[in-house]
């Protein structure tokens, strides 16, 4: 499996579109609507080419991956021929996998705990 954060999350997604890997997870991947480089495709354009199960994790308040772009990505991956899922976390900006400093979250509701659990569960379900 492949796991990537930020731009490496974008790379993990794109690897899952052209290599038969077991599963991929992207955390706060950018390049959703506009490609990061001239050689890359935007994630919404590449979603129909996914060859491996893919999980994306995003903070709703992430300025680097705007919520409206993430919604477009949700729609695009819903049409993929493999399992693909986008999870968003209210109140979080960038990197949903990192512990929150918000007092609103306890150890059982912290988005970082949920994100990390989802990553492990995704790989467990798709790589066995």
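Using the rule -39500 (n - 2.57) for each DSSP H run of four or more residues, divided by the residues of the chain, the 222 nm mean residue ellipticity is -10500 deg cm²/dmol. On full extension, the segment bounded by residue 48 and residue 8 gains 12.4 nm, given 0.36 nm per residue less the C-alpha separation. The overall shape of the chain, judged from the alpha-carbon gyration tensor, is oblate: a/c is not under 1.5, and a/b is no greater than b/c.
Label sites at residue 75 and residue 117, each approximated as a point 7 angstrom past Cα along Cα to Cβ, lie 3.1 nm apart. A Förster distance of 22 Å, applied to the separation of the beta-carbon atoms of residue 82 and residue 60, puts the FRET efficiency at 0.30.
Seen against the Cα atoms of the chain and their longest principal axis, helix 111-127 is set at about 40 degrees.
Averaging the sequence gap over all C-alpha pairs within less than 8 Å and six or more residues apart, then dividing by the number of residues, gives region 2-127 a relative contact order of 23 percent. Going by neighbour counts of Cβ atoms within 10 Å, the residues 118, 128 line up, fewest first, as 128, 118.
To test your reading of the geometry: what angle, between 0 and 90 degrees and rounded to tens, separates the Cα axis of helix 7-18 from the longest principal axis of the chain? It works out to around 40 degrees. Mean sequence separation of contacting Cα pairs (under 8 Å, at least six apart), scaled by the length of region 1-73, corresponds to a relative contact order of 32 percent.
A short reminder: the numbers here are calculations on the coordinates, not readings from a lab. From a predicted model like this one, the values you see are computed outputs, not experimental measurements. Reconstructed Cβ throughout: ideal geometry from the backbone, glycine too, with neighbour counts over all protein chains shown.
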